[in-house]
Amino acid sequence: MQSKYDQITILLNKLQEEKKDIKNYLKLLNEIIKLTIDLCNYFYRNNDLDPILQLYREITSGYEKAMTIIQNSELSELSSSIRNSYKYWKFNQQIIQKELMKLNIQAGNMLLLEEKYEQASSKFRNALEYEKNNIDILNKLGVSYFHLRKFDDALRCFGDAIHLDENNILLLYNSGLMYEMLWSNSDYVNNFHKNSAIIFYERVLTIKPQHYESLISLGLLFYKTEDYENAKLKLEEAMKIQNNDWRLLLAYGCVLSDGFYKYEEAKDNFKKSITLNQNSIIAKMNLSQVLILLNEYNQSERHLKEILKKLEGIEDRSTSLILRILLICSQALSQETISKIFVDELLEFCELKNLQFVHWNFNNLISHVNNSKIDIKLRKLLSIILTIPKIDESNKEQILQQIRKLANQQQIGSEKIKITSKSKADKQHEPWYYWELCVKAPPEVMQSIISVEYVLGPTYKESKKTIFAKENGFLLKGKGWTNFNLQANILLDNKKVFKKYHKIILAK
């Protein structure tokens, strides 16, 4: 096969050199065609169309040059036959181009389904080489770029296609989607991208008022810009078309909750959304938040811990941050205490993540916390934690340090306070023992303790004794003849009471 390639190459070089003698030129061209036919039969059998197309291109190019030469010669009678030969080979070239385009599109479609977007985009670019103004190829190449997050490239493809069909709903919708993605990637600051997205969605709805996806996308875009009235309007229009879409129910619940404070209705929509898609973490988190706003803290905490367990080891950082924030709020509002574990994990994720890419609407929850009756220091801590998605990188460390400080003040509890005891036999009055117990804690914690009430049990005449003296660790002394359990109610300066349990072992 290589020798025929060499022969064709030599003949093609001669063909390029021949500029005047049309008879010699056509003789060379016919020799090329004979060799080409043999080679093409081999390539057809091996389903290799690219070299066939290249050979056909050389031949049609040869005939184009022949027609130019004949215009300057006396052999005008050959003009008609040469033109017919040109059309014949040009037609064959177009057949091969269409077949190659079709094969590239088929391969690209398969790669799209397999989510191999880089390879898919390569196939669609190849297909576009054979027909530059093919709307379907431009759209699919744009979709491939979208999945590769090459939004500018995707927008360019959709724009080229729209020039060919300015009322194509799919292209207009995809363009709106691209502008929205560009707006999101600019951290919601580029109003040109936002306004362009709205314009494209509205253009779709002008052509087709019941276009479901545009109604939802426009509703969500209005929701992100806190234009709740228009968001509600568009989402309700979408619900007239289809009311069992979990995404739509989720979005509508968010609008009802954040924009209109209709928490019960929002709860119903979130529950319906979860029924339709039980794997939706975002729907469950929104349900948990609205349960906090309805003071249903135990239910909220249960849902949040279920999510935490399900996502163990695979959760992304944005979800992790929001999940911990909601858990801390639910726990603090119901028990007036916070988990050191959740706070530590929250701060760890904050250190690893650019917080400007964490998007969640905590506005109503911030108001709920500020209006709660919990301890003022705890309320301040929650208020700061709820601003985490809005923290600027320049003051991030300062705010995180403030959270650490306030959290440490709140975490005076079982992990820092201990009850210790010891006993000694009363040798003159066996089997009686002297015992004493006290509180052990770090100095800063001890300073926060106002008093300790010891509940000894019914066998003691004074079963309850309250100690105010910090000097000896709220020391209490007594005498008994058997082991017993006691409870210590520890009162802090923030009016919080911690219960500790201890067993006194009487031993020699």
Every residue from the stretch 428-448 that is assigned to a helix (DSSP H, G or I) and under 48 Å from the mean Cα position of the chain (by Cα) | P443, E444, V445, M446, Q447, S448
Output the number of residues of the stretch 222-271 satisfying the condition of being assigned to a loop (DSSP other than H, G, I, E, B) and either over 17 Å from L287 (Cα atoms) or among the polar types (S, T, N, Q) (or both).
-> 6
Any chance L291 is of a type in the set (A, V, I, L, M, F, W, C) and surrounded by 17 or more Cβ atoms within 10 Å (Cβ to Cβ) | yes
Sole miss for H303 among (1) buried (at least 16 other Cβ atoms within 10 Å of the Cβ); (2) at pLDDT below 80 is condition (2)
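Could you tell me whether K424 is more than 53 Å from the chain's Cα centre (by Cα), exposed (fewer than 12 other Cβ atoms within 10 Å of the Cβ) and either of a type in the set (A, V, I, L, M) or in a strand (DSSP E or B) (or both)? Talk me through it step by step, then tell me what you get.
Working: more than 53 Å from the chain's Cα centre (by Cα): yes; exposed (fewer than 12 other Cβ atoms within 10 Å of the Cβ): no; either of a type in the set (A, V, I, L, M) or in a strand (DSSP E or B) (or both): yes.
In short, no.
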Could you check, for the stretch 318-332, whether at least one of its residues is in a helix (DSSP H, G or I), open to solvent by 20 Å² or more (accessible area, probe 1.4 Å) and not polar (S, T, N, Q)?
-> no
In the set G219, G253, the lone residue that is open to solvent by less than 10 Å² (accessible area, probe 1.4 Å), under 26 Å from N371 (Cα atoms) and of a type in the set (G, A, S) is G253
Determine whether N133 is within 30 Å of S186 (Cα to Cα) and either charged (D, E, K, R) or within 44 Å of the chain's Cα centre (by Cα) (or both).
-> no
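Each row is one residue, and each column tells you yes or no for (1) out of contact with any strand residue (DSSP E or B) (no Cβ under 7 Å at 6 or more places or on another chain); (2) at pLDDT below 90; (3) not hydrophobic (A, V, I, L, M, F, W, C).
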site	(1), (2), (3)
M67	yes, yes, no
R83	yes, yes, yes
K87	yes, yes, yes
F91	yes, yes, no
R125	yes, no, yes
Y130	yes, yes, yes
If the Cβ limit is 8 Å and pairs must be 6+ apart or interchain, which residue in the stretch 331-353 that is at positive phi pairs with which residue that is part of a loop (DSSP other than H, G, I, E, B)?
-> E336/I374; E336/D375; E336/K496
Please go through the stretch 490-508 and pick out each residue that is open to solvent by 20 Å² or more (accessible area, probe 1.4 Å), in a strand (DSSP E or B) and over 18 Å from P442 (Cα atoms).
-> Y501, H502, K503
The stretch 256-287, subset in contact with a Phe, Trp or Tyr (Cβ under 9 Å, 6 or more places away or on another chain) and among the polar types (S, T, N, Q), residue most open to solvent (accessible area, probe 1.4 Å) = T275
Please give the number of the condition L177 fails out of (1) surrounded by 14 or more Cβ atoms within 10 Å (Cβ to Cβ); (2) without any contact (Cβ under 8 Å) to a residue 24 or more places away in the chain; (3) within 28 Å of the chain's Cα centre (by Cα).
-> (2)
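Looking at L381, L365, which one is at pLDDT 85 or above, in a helix (DSSP H, G or I), more than 24 Å from L491 (Cα to Cα) and open to solvent by less than 10 Å² (accessible area, probe 1.4 Å)?
L365
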Quick one: how many residues across the stretch 454-485 are more than 13 Å from K422 (Cα to Cα), open to solvent by less than 80 Å² (accessible area, probe 1.4 Å) and touching a Phe, Trp or Tyr at 6+ places or on another chain (Cβ under 6 Å)?
-> 3
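The values are calculated or read from the model by the stated rules, or taken from the named source; none is laboratory data. Because the structure is a prediction, the values reported are computed rather than measured. Using ideal geometry, Cβ is built from the backbone for each residue, glycine included, and neighbour counts are taken over all protein chains shown. Accessible surface areas use protein heavy atoms only, side chains included; no ligands, DNA or RNA. Shrake-Rupley method; radii C 1.70, N 1.55, O 1.52, S 1.80 Å.
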